[in-house]
Amino acid sequence: MFDNLSERLERSFKILKGEGKITEINVAETLKDVRRALLDADVNYKVAKTFTDTVKQKALGQNVLTAVKPSQLMVKIVHDELATLMGGETAELNLQGHPSVILMAGLNGAGKTTLSGKLALMLKSKKRKNPLLAACDIYRPAAIEQLKVLGEQIGIPVYSEPDNKDAVQIAQNAVKEAKAKGYDVVIVDTAGRLAVDEQMMQEIAAIKHGINPDETLFVVDAMTGQDAVNTAKEFNDRLDFDGVVLTKLDGDTRGGAALSIRTVVNKPIKFVGTGEKMEAIDQFHPSRMADRILGMGDIVSLVEKAQEQYDEEEARRLQKKIAKNQFDFNDFMSQIQQIKKMGNLKDLASMIPGVGKALKDVEIDDNAFKSIEAIIQSMTPRERTNPEILNTSRRQRIAKGSGTNIQEVNRLIKQFDQTRKMMKMVTGSKMGKMMANMPKIPGMPKMPKLK
């Protein structure tokens, strides 16, 4: 995401490289390029103009320290202004109600139903909530069925009345159901609608009035760019929502909607959808997003993702096994599963400063671990726990069973041996004792081959 904008901004800052000080001429030249980059990224024209005017004012008012180069200072000012432009502070969900009611609204095809499921799963796993999904889309064929399938997939109940054609009544009954059965959050999924469709806009207003939600979230497809901002403005005028959720942000290389929506609508972006998996939803942090746009990575989010998958008890058990040199292929496999749960490999790599840029044109196959898993699954339980018994004939059998070749099997076993030796050394050292107190993912195999 934001690849094009990141590239263009980097090019703009190069104008200041080699300059001894900030002057009105070189600032004007740099910011002309920055404004062009923002407009190319589909940022609202007024927003882009105000943004560059503010940056110019701040840049010319700065006394540049001798230790700071003008280009570095400009990056710092642009970073701070980008974060402010996207909202400055991270906006939290209001979950004060008993139960808390969240109403989802938006255009057709924006991804509301999937997003409702993702949000429910996030509240369940990260906030320890007990959510109920309410199917109030009475128009789209199979909308209720889709929500039920998602609910089953993530283990969250779905309230529906397939024969009832009154969306307001269904939503009210869902809240009653939640009170009766002890659910503390109700997420109301509604039908997609256009802001010009008077009848449909009256219905969503009636639903809001009928259930008085704690949060009304406007769900919009980030890839529609400037159109997303205009639609948000029209909906906000009618519905006065509390926050925006941008879906499909992983497929948006421009990012104009994320940069303009806060200023135009004056409502915060609360969440972003970053992939197809049910776990692919992130809270929106303006400052971290500014880091990523300027190619600085996002180490904080990477550490958070690692901590989510970190199991203290499992780590202790693993440490004992490593100390006794008993780390086996079962442990190796469980480490791979943890890495996979963290998300898309290229997205994870792009959170490391400098790496995103290096991998820009490199394709990392998300199925890169599949051959490793196939090889380990083709081993017998005894072979997995005792890798030493893997002689040539066993390796040939594993290669045939996993659909790979003997060279790949040998490479994995060699890699596993090296990992085991390295982990034994680290665990026995002082550094190992220090690392034992930190969230980590031990036994991570080498990065899969890049295509």
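The values are calculated or read from the model by the stated rules, or taken from the named source; none is laboratory data. Everything quoted here is computed from the prediction, not taken from an experiment. No Cβ is skipped: glycine too gets one built from the backbone with ideal geometry, and neighbour counts run over all protein chains shown.
Listed values, structure above:
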| item | result |
| --- | --- |
| Subset of segment 171-185 (residues that are in a helix (DSSP H, G or I) and among the β-branched types (Val, Ile, Thr)) | Val175 |
| Residue match in segment 175-191 (condition: in contact (Cβ under 8 Å) with a residue 40 or more places away in the chain, touching a Lys or Arg at 6+ places or on another chain (Cβ under 7 Å) and among the aliphatic types (A, V, I, L, M)) | yes |
| Residues of segment 129-147 that turn out to be over 24 Å from the mean Cα position of the chain (by Cα) and crowded, with 16+ Cβ neighbours inside 10 Å, as a count | 7 |
| Residue under evaluation Ser71, criteria (1) over 18 Å from Gln226 (Cβ atoms); (2) in a loop (DSSP other than H, G, I, E, B); (3) modelled with pLDDT under 80, criterion not met | (2) |
| Any chance Pro157 is more than 22 Å from Val245 (Cα to Cα), touching a Phe, Trp or Tyr at 6+ places or on another chain (Cβ under 8 Å) and in the same structural domain as Phe271 (by TED's automatic domain parsing) | yes |
| Residues of segment 92-141 that turn out to be assigned to a loop (DSSP other than H, G, I, E, B) and on the phi < 0 side of the Ramachandran plot, as a count | 19 |
| Flag if Leu73 is in contact with a helix residue (DSSP H, G or I) (Cβ under 8 Å, 6 or more places away or on another chain) and over 29 Å from Asp240 (Cα atoms) | yes |
| Residue in segment 238-246 that is within 28 Å of Leu9 (Cα to Cα), within 28 Å of the chain's Cα centre (by Cα) and surrounded by fewer than 19 Cβ atoms within 10 Å (Cβ to Cβ) present | no |
| Condition met for Arg397 (at pLDDT 90 or above and surrounded by 15 or more Cβ atoms within 10 Å (Cβ to Cβ)) | yes |
| Subset of segment 370-413 [assigned to a helix (DSSP H, G or I) and among the aliphatic types (A, V, I, L, M)] | Ile372, Ala374, Ile375, Ile376, Ile389, Ile398, Ala399, Ile406, Val409, Leu412, Ile413 |
| Residues of segment 195-208 classified as touching a residue at least 40 places away in the same chain (Cβ under 8 Å) and farther than 14 Å from Met104 by Cα, total | 1 |
| Answer residue from segment 153-165, given it is without any contact (Cβ under 8 Å) to a residue 60 or more places away in the chain and either surrounded by 15 or more Cβ atoms within 10 Å (Cβ to Cβ) or under 13 Å from Thr114 (Cα atoms) (or both) and is farthest from the chain's Cα centre (by Cα) among those | Glu161 |
| Among residues of segment 171-192, those that are over 15 Å from Pro99 (Cα atoms) and surrounded by 24 or more Cβ atoms within 10 Å (Cβ to Cβ), counted | 2 |
| Looking only at segment 147-170, and only at residues there that are part of a loop (DSSP other than H, G, I, E, B) and among the small types (Gly, Ala, Ser), the one that is farthest from Ile102 (Cα to Cα) | Gly155 |
| Residue ID - farthest from Gly106 (Cα to Cα), chosen from residues in segment 237-286 that are acidic (Asp, Glu) and not in a strand (DSSP E or B) | Glu279 |
| Options Ser287, Ser334: the member that is modelled with pLDDT of 75 or more and farther than 20 Å from Glu92 by Cβ | Ser334 |
| Any hit, segment 243-253, residues being in contact (Cβ under 8 Å) with a residue 24 or more places away in the chain, more than 26 Å from Leu121 (Cα to Cα) and assigned by TED's automatic domain parsing to the domain that holds Lys112 | yes |
| Filter pass, Leu115 being buried (at least 16 other Cβ atoms within 10 Å of the Cβ), of a type in the set (A, V, I, L, M) and within 13 Å of Phe271 (Cα to Cα) | yes |
| Test result for Gln62, at pLDDT 75 or above and out of contact with any Gly (no Cβ under 8 Å at 6 or more places or on another chain) | no |
